[in-house]
Amino acid sequence: MSNNRNVLGLIFSNMHDGTIPDLTKERTMGSVLFGGRYRLIDFPLSNMVNSGIDEVGVVTKSNYQSLLDHLGSGREWDLARKIGGLHLLPPFSHVQSGMYRGRLEALYGVFNFINYSNADYVVLSDCDVVTSIDFSKVIDQHIATGADITAVYAKDIINAEQAQHATVFSFNEEGRIVDVLLAPHISGAANISLNMFVLSKEFLKNIVLEAASKSLYSFEQAILQGRTREYKIMGYEHEGYFSKITSMETFYKANLDLLNLDNRNKLFPENRPVYTKVRDNPPVKFAIGASVKNSLIGDGCIIEGTVENCVLFRGVKIGKGAVVKNAILMQDTVIGSKCDINAVITDKNVTISDMRMLTGSQNYPLYIGKGAVI
Amino acid sequence: MYKTKKECVAMLLAGGQGSRLYALTHDMAKPAVPYGGKYRIIDFPLSNCVNSGIDTVGVLTQYQPLALHDYIGNGQPWDLDKLNGGAHCLPPYQTALGAEWYKGTANAIYQNIAFIDRYDPDYVVMLSGDHIYKMDYNKMLQFHKEKGAVATIAVQDVPLEEASRFGIMITDDDSNIIDFEEKPKNPRSTFASMGIYIFSWKELRQYLIDNENNPDEDKDFGKAIIPNMLKANEKMVAYMFEGYWKDVGTLDSLWEANMDLLNPNIPIDLYDPEWKMYSKNPIMPPQYIGPNAVIENSMVTDGCVVDGTVDFSVIYEGVTIEKGATVTDSIIMPGSVIKSGAVVEYAIVGENCVVGEGAQIGVRPEAVENRDDWGIAVVGHNITISENAKVLPKQIISENI
C-alpha cells in the first residue's frame, strides 16, 4: 500500500446466492463461473491484491466446497503468505458463530479474526459486482472526508426487476448519504450500491458488537438505513465499467457484454490483471472448417464448428458442423456434431449429443445444469 | 541439511546458446524460446520429468540465463516446488579454487556432483532443453535396470539419408551398444541418439572425476564419457523410442515443430489429459475473436485479440491481429501486434514485435521463382517493422526496419 496503511479485505462469498439459484445450487455466489475462465470471487480478490491489500478473509456460509477448491492456498492471487495472506472463514468457527442471517452477524462470527488483524482499515466486498476498481482511492477518500463509512456506488439505469436487488443512495451536496432505499419499487436512473464498503477497524468492531447485543443482523437495514443521520456515511462514485449480477438474465448479459472489446479492456486493464486458478490448458485449436466470430474463448477449447457471439470457458469442445450462437458454455462442455444451439447457458461438464437442437431466448436463456447429458 | 534419498535425479542441460536460432536466442537461452502457443521448449523435458515421477531436477544454465531463471522460478508451475527435491537452477559458480564456466557437458555435471550427491541417487537422467517430445523416463529407467546397464541411451530409428546428421549407435541384437559414431558420413546404423541418457550414478561419478583429471580429454559426454565407457566395456544399451521427437535447433525445425502441432497425422498431442504439458500460464483474459476474423487450422491462446485472417498458424499469448491483417503458415510469439493490412506468410515473428500496416513478412514458396531463394522469414524479439516494409524469405531481422 502506497502510504503504509494496513488494510484488511473481507469478501462475502455467499451474499446474493439467492439471486441466481440455478447457478448457486452447488456453489457459492463467489464460485459462480464468469467470463470464460474466471469465478466471480476472482474480481474482488484481484481488486484487493491490485490495491496493495495483502491480507484477505473470505467469509463463507454454505456450499463452499467449490470455493475452497478454487482458492486453495491463495497462491494464484499471490496470497499464500506468511504475513497476511488468504484466510478462509467458514461458519461455526467459534462457539458464538453459526449460520448468519446478514452481514453484521457474519462479521460477528469472524470477530476474532478482525480483532487480531493489524489493520487500521477494512474493505468489505461481495461477489455480485464484476469490475476493476482501485480500493486505495476509496480509502484515500475515506480518510480525507473523515467518514465513518464509505460506500462505493455507481450511477446506473435500472429496471424494476434490478431494483428489487438494489440498495439505492441519495446524497447531500457534500456527498454524504442522506437516504437509503432497499429494494425500492423504482426504475430509471439511480445511485446503486456496489456492495463495497470501507470502515476503520475500530469503527467496524464497535458497530458489530453493538449489533450483536441488539440482535441486529442486516448491515443495510440497521446501519446504512438505521443510522443515516448519526453516522457520517459517504459515497464514493465508481465510474469504471461494471456489471451487477442480480438474475440469470443479468448474468447472461454480463458475460456477453465482454464481447465488446472496450468492455473487455476496461475489465482487464493490463496493469491490473485478474488472477484465477491455473488449469494448464493447451491453446485453443481451430480445426479446418471452424468459423468463429465475435466470441470470447478460454484456453483448451477445440472448435470444429461455427461459433458466434459466445463465451466459451476452458476445455469446451464444439463438434463438426455444429452451430452455436449467443451461448455461454462453461468449463468442459461438449457440443456434439451438427448441433444447433442458440441462447443457451450450459453449466460445467454438460454433454450435448450429436444433432440436438436447443434454443432459449435472449431475455430468458435456456439453462442446462452441471453434468447434464442431453 | 538432511535430504531423503532419491532413486533418480534428472540433470537438464539448458546452458546452450542455440546459435542456429540466430535472432531468437540473441538474449535468451534456447530452452527459453517459446514453442507451441503457450509453452517454452524447456516445458517438455520438465513436464516429462514430473509425469514420469521424477521430482528432483537440476537445470544447468550458463548462456543468457535471466529469461530462463525467471521462467523456472521455484519450479511451482511444474509442481517442482518441493521441500525435498524440486527444480534447482544451477549456473556456474565460484569456489575456493577459483571460478570456471561450464567447459562442456561433462564438466557441467562434474561441477555439480555435490548437488547430485545430496540426494544419494542410484541413477541420473541426463536431458537437454533442445527437443520437443513426450516420453516416460520411468519406462526407460525400468529398461536400464532390467538390462543391468551402466548407461542407457535413448535412440530413434531415423531414415538412412538423415542418419548422418545425428550421433549414431551401433548395437547388437540384444540392444547392447557396441560402437558409436558422431555424425558419420556413411552411417552403419539408423539408431540416432536423442540426447537422453540414464546413467548409474556411482559409475558415472567416477568417469566424470577421471575425465576432469585428464587434461587431454574434452569435457564432453559425446566426445569423452561415452567413448571411455565403451572402451572400458561397460554395459551400455540403446532404448528404442518410437513417439514424436524433434530437435528444434534450427529456425526451420522450430517452425516445422510448431506446424506439426496443426497436423492431425503427426503424433504430438498437447490435449492428452494423461500426459499434460505444464507451463507458466500467462495471467491474461481469454482470447477475443472479432466479427471480421477468419481462423482455421490454427492454435491461438489466452490474451489474444484476433480480427484478421489466420490460417495454419500458431499464435502465442497476448498477440493482436488487426482487422485486414493476414497470417498464414506462421508463428507469432507472445505480445506481438500485426497491424491492419500486414501479410505474414511462412514466417516466425518473435516476442513483442510490431508489424506495421501493409508490411509483408515472408512469402509462399510458390511465389518464388528459384526455390533455393526461399526459406522461412524471421523477425527477432522486440522489433518494429515499419509500414509497408518487406522482409524477404530467409531474411533474419534483428533490428528495427
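If the condition is being not in a strand (DSSP E or B) and not hydrophobic (A, V, I, L, M, F, W, C), then the stretch A:181-207 contributes A:P184, A:H185, A:S187, A:K201, A:E202, A:K205, A:N206. Close Cβ contacts (under 6 Å, 6 or more residues apart or on different chains) running from residues in the stretch A:298-311 that are on the phi > 0 side of the Ramachandran plot to residues that are surrounded by fewer than 24 Cβ atoms within 10 Å (Cβ to Cβ) and outside any loop (DSSP other than H, G, I, E, B) comprise A:N309/A:K325. For the stretch B:263-306, taking the residues that are open to solvent by less than 30 Å² (accessible area, probe 1.4 Å) and more than 8 Å from chain A (Cβ to nearest Cβ), the one that is farthest from B:V349 (Cα to Cα) is identified as B:I268.
Mind checking which residues of the stretch A:37-46 are outside any strand (DSSP E or B) and either crowded, with 24+ Cβ neighbours inside 10 Å or in contact with a Gly (Cβ under 9 Å, 6 or more places away or on another chain) (or both)?
Across the stretch A:37-46, the qualifying residues are A:R37, A:L40, A:I41, A:D42, A:F43, A:P44, A:L45.
Filtering the stretch A:279-304 to residues that are open to solvent by less than 20 Å² (accessible area, probe 1.4 Å), at the interface with chain B (Cβ under 7 Å from one of its Cβ atoms) and part of a strand (DSSP E or B) leaves A:V284, A:F286, A:V292, A:S295, A:L296, A:I297. Contact annotation: residue pairs with Cβ atoms under 8 Å, 6 or more positions apart or on different chains, pairing a residue in the stretch B:56-70 that is free of Cβ contacts under 8 Å to residues at least 24 places away in the same chain with a partner that is assigned to a loop (DSSP other than H, G, I, E, B), are B:H69/B:T61; B:H69/B:P91. Starting from residues that are open to solvent by less than 40 Å² (accessible area, probe 1.4 Å) and of a type outside the set (A, V, I, L, M, F, W, C), keep the ones in the stretch A:258-271 and report whichever is nearest to the other protein chains (Cβ to nearest Cβ). Among residues in the stretch A:258-271 that are open to solvent by less than 40 Å² (accessible area, probe 1.4 Å) and of a type outside the set (A, V, I, L, M, F, W, C), the one nearest to the other protein chains (Cβ to nearest Cβ) is A:R264. Looking only at residues in the stretch A:53-67 that are part of a loop (DSSP other than H, G, I, E, B) and not hydrophobic (A, V, I, L, M, F, W, C), the one that is least open to solvent (accessible area, probe 1.4 Å) is A:T60. For the stretch A:17-53, the tally of residues that are among the polar types (S, T, N, Q) and more than 13 Å from the chain's Cα centre (by Cα) stands at 2. Exactly one residue among A:V324, A:V316, A:V307 is open to solvent by less than 30 Å² (accessible area, probe 1.4 Å), in contact with a Leu (Cβ under 7 Å, 6 or more places away or on another chain) and either within 14 Å of chain B (Cβ to nearest Cβ) or polar (S, T, N, Q) (or both), and that residue is A:V316. I'd like to check something: does the stretch A:189-209 contain any residue that is surrounded by fewer than 17 Cβ atoms within 10 Å (Cβ to Cβ) and touching a strand residue (DSSP E or B) at 6+ places or on another chain (Cβ under 6 Å)? Checking the stretch A:189-209: at least one residue is surrounded by fewer than 17 Cβ atoms within 10 Å (Cβ to Cβ) and touching a strand residue (DSSP E or B) at 6+ places or on another chain (Cβ under 6 Å). Just so you know, in the stretch B:313-335 the residues that are closer than 13 Å to B:N258 by Cα and part of a loop (DSSP other than H, G, I, E, B) include one that is nearest to the other protein chains (Cβ to nearest Cβ), and it is B:Y316.
At least 1 residues being more than 30 Å from B:E274 (Cβ to Cβ), open to solvent by less than 40 Å² (accessible area, probe 1.4 Å) and touching a Phe, Trp or Tyr at 6+ places or on another chain (Cβ under 7 Å) is the threshold, and among the strands (runs of 3 or more DSSP E) wholly inside the stretch B:8-122 those reaching it are B:86-90. Can you spot a residue in the stretch B:322-337 that is modelled with pLDDT of 95 or more, open to solvent by 40 Å² or more (accessible area, probe 1.4 Å) and of a type in the set (K, R)? Taking every residue of the stretch B:322-337 in turn, at least one turns out to be modelled with pLDDT of 95 or more, open to solvent by 40 Å² or more (accessible area, probe 1.4 Å) and of a type in the set (K, R).
Taken together, the residues in the stretch B:349-382 that are without any contact (Cβ under 8 Å) to a residue 40 or more places away in the chain, part of a loop (DSSP other than H, G, I, E, B) and buried (at least 19 other Cβ atoms within 10 Å of the Cβ) amount to 5.
The values are calculated or read from the model by the stated rules, or taken from the named source; none is laboratory data. Keep in mind that this is a model prediction, so the values were computed, not measured. Backbone-built Cβ (ideal geometry, glycine too); neighbour counts: all protein chains shown. Just so you know, the surface numbers come from the protein's heavy atoms only, side chains and all, with ligands and any DNA or RNA stripped out. Shrake-Rupley method; radii C 1.70, N 1.55, O 1.52, S 1.80 Å.
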